[in-house]
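First up is the structure itself, then whatever we jot down about it.
The values are calculated or read from the model by the stated rules, or taken from the named source; none is laboratory data. The structure presented is a predicted model; accordingly, all values stated were derived computationally and were not measured. With ideal geometry, Cβ positions are generated from the backbone for all residues, glycine too; neighbour counts draw on all protein chains shown.
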Amino acid sequence: MKRDDILKNAMKLINGKRSKDYGDAYDNHQRIADLWSVVFGFKVLVWQVYLCLILVKVARLVNSPKHLDSMIDIPGYAALLGETIDKDDK
């Protein structure tokens, strides 16, 4: 798959189907951060959730380097991370 295809697919997922399935990305990942905060006993921030999810995909690629889903999800999470940092700066 070409790089443009990976990026286009990531964009379609974060702006389309996944948004419809899970609601607003920031709100969904804020819920995840809140739940992780309870489990770990310290405050987890949304940008940290994105970093951890990227690392989950990297760990999966170590075992299955041709797994397309993980390749597509990483730039999607990176885009959401960038957007989150912009929100947090304001």
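How many of the residues making up region 14-53 are part of a loop (DSSP other than H, G, I, E, B) and of a type in the set (G, A, S)?
Here the count works out to 3.
Looking for whichever is aliphatic (A, V, I, L, M) and surrounded by fewer than 17 Cβ atoms within 10 Å (Cβ to Cβ) here; the options are V46, V39. Which one fits? Before you say what the answer is, go through the steps one by one.
Values: V46 fails: surrounded by fewer than 17 Cβ atoms within 10 Å (Cβ to Cβ).
Testing whether each residue is aliphatic (A, V, I, L, M) and surrounded by fewer than 17 Cβ atoms within 10 Å (Cβ to Cβ) leaves just V39.
Determine whether region 58-74 contains at least one residue that is touching a residue at least 40 places away in the same chain (Cβ under 8 Å), in a helix (DSSP H, G or I), over 15 Å from A10 (Cβ atoms) and not basic (K, R).
no
Taking into account only those residues within region 31-90 that are within 28 Å of D5 (Cβ to Cβ) and among the hydroxyl-bearing types (S, T, Y), which is modelled with the lowest pLDDT?
It comes out as T84.
Could you list, ordered by first residue, the pairs with Cβ atoms under 9 Å in which the first is in region 1-16 and within 19 Å of L81 (Cβ to Cβ) and the second is not in a helix (DSSP H, G or I), at least 6 apart or interchain?
Cβ pairs passing all conditions: N9/M1.
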